1. For the stretch 23-34, just list the computed ³J(HN,Hα) in residue order, Karplus coefficients 6.51, -1.76 and 1.60, θ = phi - 60°, integers in Hz, with x standing in for Gly and Pro.
2. Which ³J(HN,Hα) values, rounded to whole Hz and listed in residue order, are derived for the stretch 76-81 from phi using the Karplus coefficients 6.51, -1.76 and 1.60 in 6.51 cos²θ - 1.76 cosθ + 1.60 with θ = phi - 60°, glycine and proline given as x?
3. Give a residue-ordered list of calculated ³J(HN,Hα) values for the stretch 46-58 (Karplus: 6.51 cos²θ - 1.76 cosθ + 1.60, θ = phi - 60°; whole Hz; x for Gly, Pro).
4. Rounded if a/c is under 1.5, else prolate if a/b beats b/c, else oblate: with a ≥ b ≥ c from the C-alpha gyration tensor eigenvalues square-rooted, which is the stretch 8-58?
5. Need one number: nm distance between label points at V41 and R9, each 7 Å from Cα along Cα→Cβ, rounded to one decimal.
6. Compute, for the stretch 30-104, the length of the dipole vector about the Cα centre, with Cβ point charges of +1 (Lys, Arg) and -1 (Asp, Glu) only. Units Debye, rounded to 20.
7. What's the extension gain from E48 to I98 if we count 0.36 nm per residue and subtract their Cα-Cα distance?
8. Under 1.5 on a/c is rounded, so check that first for the stretch 30-104, then, if it is not, pick prolate when a/b is larger than b/c and oblate when it is not; a ≥ b ≥ c are the square roots of the alpha carbon gyration tensor eigenvalues.
Amino acid sequence: MTEGYRGARTASEWEVLGELTARATAFASETVRTLWQESAVASLRLSEYVEECWPQWGTDDYYERLEVEETMQADPDFARLNRAKDDAEQKLAKQIRIELHVDAKDLTDLPDRVLKQRPSSEGSPT
């Protein structure tokens, strides 16, 4: 909970976020989309809990926020929600790495395929 965006977004930031989300969703597998949704829900639950139970966390004073964060770490509900968020993020990241690795295996011979398709440079002026 100590990381992440702190503040309002502009209309242009929301637009970019929407475009990126749409593109990522279009190319993601069903498993990744499901894990992404679970991660978002876990993050939302933690954010709502912090907003409701720890409003002082939103202070602009850095040292005061550090003190609040230390106290939050002792809160069992915060710890449970934070752990659930972290677990969901890790599952999502692991699945993305697995899928990217599988896709990368399909590309291992890409340089050879590209070279075979490239027209010969013989006789061309350089």
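Nothing in this text is a laboratory measurement; each read-out follows from the coordinates by a stated rule. Predicted model, so just to flag it, every value in this text is computed and none were measured. A quick note on method: Cβ atoms are made from the backbone with ideal geometry, for glycine too, and the neighbour counts reach across all protein chains shown.
1. 5, 4, 5, 5, 9, 7, 6, 4, 4, 5, 4, 5
2. x, 5, 4, 4, 5, 5
3. 5, 4, 5, 5, 5, 4, 7, 9, 10, x, 5, 5, x
4. Taking the square roots of the gyration eigenvalues as a ≥ b ≥ c, the stretch 8-58 is oblate.
5. 2.1 nm
6. 500 debye
7. Full-extension gain reported as 14.9 nm.
8. It is prolate, given that a/c is not under 1.5 and a/b is the larger ratio.
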